[in-house]
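Peer 1: Here it is: the structure, laid out below.
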Amino acid sequence: MDRCERYTDLISARLDGELTGEEERELEAHLACCPACRALESQLAAIHTAFPQVEETPAPEGFAQGVMERIRAQESAGPKVVPLFRRPQVRALAGLAACLVLCVGLYQAGIPRRAGDAVEYVEYNVAPDSAASEGTEKLMQPGIAVASVEGLMTEEDSQDAGAAQSDAVPELQLRSTGSPAQYEVAGRAVDAVLTLTQLPEGSEEILGPETETLPDGEGGTCYLVTWEQMEGLLALLQEREGITSSVTAGQKSDGLCAVVLTEEP
Amino acid sequence: MTERELVDRARAGDQDAFEQLVLNNQNRVYTLALRMVNDREEAADLAQEAFLKAWQGLPSFQGDSSFSTWVYRLASNVCIDYLRKQKRRREVEPVLSLDDEESGWTEPADWDQDPQRQLERAERSRAVARGLEALPDNHRQVLALRELSGLSYQEIGQALELDIGTVKSRIARARLALRKILLEDGNFFGGPPSNPSNEH
């Protein structure tokens, strides 16, 4: 019986024309001496030949009309050309793109930016020392703008930046990007944010008495300045040492910039 | 009108011609789907989907095979996709439905031979249909793909993600199981079993 079990597979496979020549000969030899397997073979063959007769089961009434209705519905919804945004591929792609945007956003918000990566920001550190990280830690507090968070530099970053800048006078360029990158500081939309631990000497002249100031909620002060005023401040910062600062700049639109003054600890 | 002419017209956008193609093939396609999924409503839906795919694919249909072969293959694929999704969703338990009295299995169309023999054939055909329905899903599906779709072992293996050895033995097991049901049914082999081969 155990021996016959193997031949069951062969008998079945022969009905489907799936035997090799060798298997065929082996099966023939077995069938010649095993009446039980011969009987089985004839029964399985009978079932096999009965299949074509079982084939036809009538489709339910209205089947073809149903097909045509589905076709017409499809044709009227989009005659030949499926609207771009209805195509499942495009929908999937749109979903993927949304996820990607979200991921990039989360990544940018959550991970301190390296100076080298930044296309739309320029980070600038006049006095790269341990004060940089202390200064930036203060900025992480709630109430300080998104931009401040985006402009944060890690100690490692500031050291890198410092190493690169130590030999040459650091040059700052406010690059414009194609996207309108705007930041919010203390509820105001600005094009660029300069954070620094203290105002350099001579900044009073640049800021002037009319400069609007806002409390940033953490004991610091936020000045709303023009693009030109900020550039003036940056020029002053280049001449001074011991002030930790960083700049985050987006595209210049109305030229309003924020100068966030964080108090020295 | 020949199938070829109907296909040409349908390809040119003639929906009536396509409807005729549907009518000519609907029973075969529906039967295949029914054997594969064992659910009348689901089978009708899948069979319609196969025809919908055929309509959409007509522009690229080369005519290397006949339309009926092509649409049959499309239906096989639609059903296989469905079964794969089902398989992922859950381990399907065998569905037993033996309510054949009202299901209206068709009589063979060629009524030209000896009526007595035709009656016997019809009865045997019904017995096989009942037997198929009573088979567990994995057995019924391989038999449907083999006996109805005419897929090779290799193609079945690809479709169901099985190796050829498994396909081979599963088809053999399915046939043995069907044989057992038919022996008990008594209408296929002509009376209750009295055969020593039953030990298999």
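Where a number appears in this text, it was derived from the coordinates with a stated rule and is not lab data. Please read all numbers here as calculations on a predicted model, not as lab measurements. Neighbour counts are summed over all protein chains in view; Cβ atoms, including those assigned to glycine, are modelled from backbone coordinates with ideal geometry.
Peer 1: Can you tell me, using C-alpha contacts under 8 Å and at least 6 residues apart, the relative contact order of region B:119-194 as a whole percent?
Peer 2: On the way: 59 pairs, mean separation 27.0, N = 76.
RCO, region B:119-194: 36 percent.
Peer 1: Within 10 Å of each Cβ in peptide A:64-75, how many partner chain Cβ atoms are there on average? Round it to a whole number, please. Don't skip to the end; give the middle numbers.
Peer 2: Numbers: counts 11, 3, 8, 15, 9, 1, 6, 10, 1, 1, 3, 3.
That average works out to 6.
Peer 1: Suppose R0 equals 41 Å. What FRET efficiency, 1/(1 + (r/R0)^6) with r the Cβ-Cβ distance, do B:SER152 and A:TYR107 give to the nearest 0.05? It would help to have the intermediate numbers written out before the result.
Peer 2: Values: r = 50 Å, r/R0 = 1.22.
Efficiency, rounded to the nearest 0.05: 0.25.
Peer 1: Right, next: Full-extension gain between A:ARG70 and A:THR213, please, as 0.36 nm times their residue separation minus the C-alpha to C-alpha distance. Could the numbers behind the result be given before it?
Peer 2: On the way: separation 143, 0.36 × 143 = 51.48 nm, distance 6.58 nm.
Extending this stretch completely gives an extra 44.9 nm.
Peer 1: Residue-wise, which Karplus ³J(HN,Hα) couplings in Hz belong to region B:26-32, taking 6.51 cos²θ - 1.76 cosθ + 1.60, θ = phi - 60°, and x for glycine or proline?
Peer 2: 4, 5, 4, 5, 5, 4, 4
Peer 1: Here is a further query. Enumerate the calculated ³J(HN,Hα) couplings along region B:6-16 in order (Karplus 6.51 cos²θ - 1.76 cosθ + 1.60, θ = phi - 60°), each rounded to whole Hz, writing x wherever the residue is Gly or Pro.
Peer 2: For region B:6-16, the Karplus curve yields 4, 4, 4, 5, 4, 5, 7, x, 7, 6, 5 Hz.
Peer 1: Within a 10 angstrom radius of each residue's Cβ in B:180-187, how many Cβ atoms of other chains show up on average? Whole number is fine.
Peer 2: Numbers: counts 0, 0, 4, 1, 0, 0, 0, 0.
That average works out to 1.
Peer 1: Taking 7 Å along the Cα-to-C-beta vector as the label spot, tell me the B:LYS53-B:ASN187 distance in nanometres, rounded to one decimal.
Peer 2: Going from the B:LYS53 label point to the B:ASN187 one covers 3.3 nm.
Peer 1: A further question on this structure: Give the order of A:TRP227, B:TRP55 when sorted by the count of other beta carbons within 10 angstrom, beginning with the fewest. The partial results should precede the final answer.
Peer 2: On the way: A:TRP227 18, B:TRP55 21.
In order of increasing Cβ crowding within 10 Å: A:TRP227, B:TRP55.
Peer 1: Sticking with this one: I need A:CYS222, A:CYS4 ordered by Cβ neighbour count within 10 Å, fewest first.
Peer 2: On the way: A:CYS222 26, A:CYS4 16.
Going from least to most buried by this count: A:CYS4, A:CYS222.
Peer 1: Here is a further query. Can you give the FRET efficiency to the nearest 0.05 for A:ALA32 and B:SER66, using r as the Cβ-Cβ distance and R₀ = 45 Å?
Peer 2: Numbers: r = 41 Å, r/R0 = 0.90.
Working from the Cβ atoms, E equals 0.65.
Peer 1: List A:VAL101, A:VAL259 from most exposed to least, where exposure is judged by having the fewest other Cβ atoms within 10 Å. Present the calculation step by step, with values, prior to reporting the outcome.
Peer 2: Numbers: A:VAL101 10, A:VAL259 28.
In order of increasing Cβ crowding within 10 Å: A:VAL101, A:VAL259.
Peer 1: Let me ask something else. Going highest first, how would you order A:230-240, A:65-75 by mean Cβ packing within 10 Å?
Peer 2: Numbers: A:230-240: 18.5, A:65-75: 15.8.
So the order, starting with the most tightly packed, is A:230-240, A:65-75.
Peer 1: Can you compute 3J(HN,Hα) from phi for each residue in region A:197-202, using the Karplus curve 6.51 cos²θ - 1.76 cosθ + 1.60 with θ = phi - 60°, rounded to whole Hz and x for Gly and Pro?
Peer 2: Result, ordered by residue: 7, 7, 6, x, 4, x Hz.
Peer 1: 7 Å from Cα along Cα→Cβ at both A:SER42 and A:ASP254: what's the point-to-point distance in nm?
Peer 2: Going from the A:SER42 label point to the A:ASP254 one covers 9.8 nm.
Peer 1: Starting from 0 in steps of 10 Å, tell me what percent of the Cα-Cα pairs of region A:2-54 lands in each bin.
Peer 2: 25, 56, 18, 2
Peer 1: Calculate, for A:GLN53 and A:GLN89, the FRET efficiency according to 1/(1 + (r/R0)^6) with r their C-beta to C-beta distance and R0 45 Å; round to the nearest 0.05.
Peer 2: Details: r = 43 Å, r/R0 = 0.96.
After rounding to 0.05, the efficiency reads 0.55.
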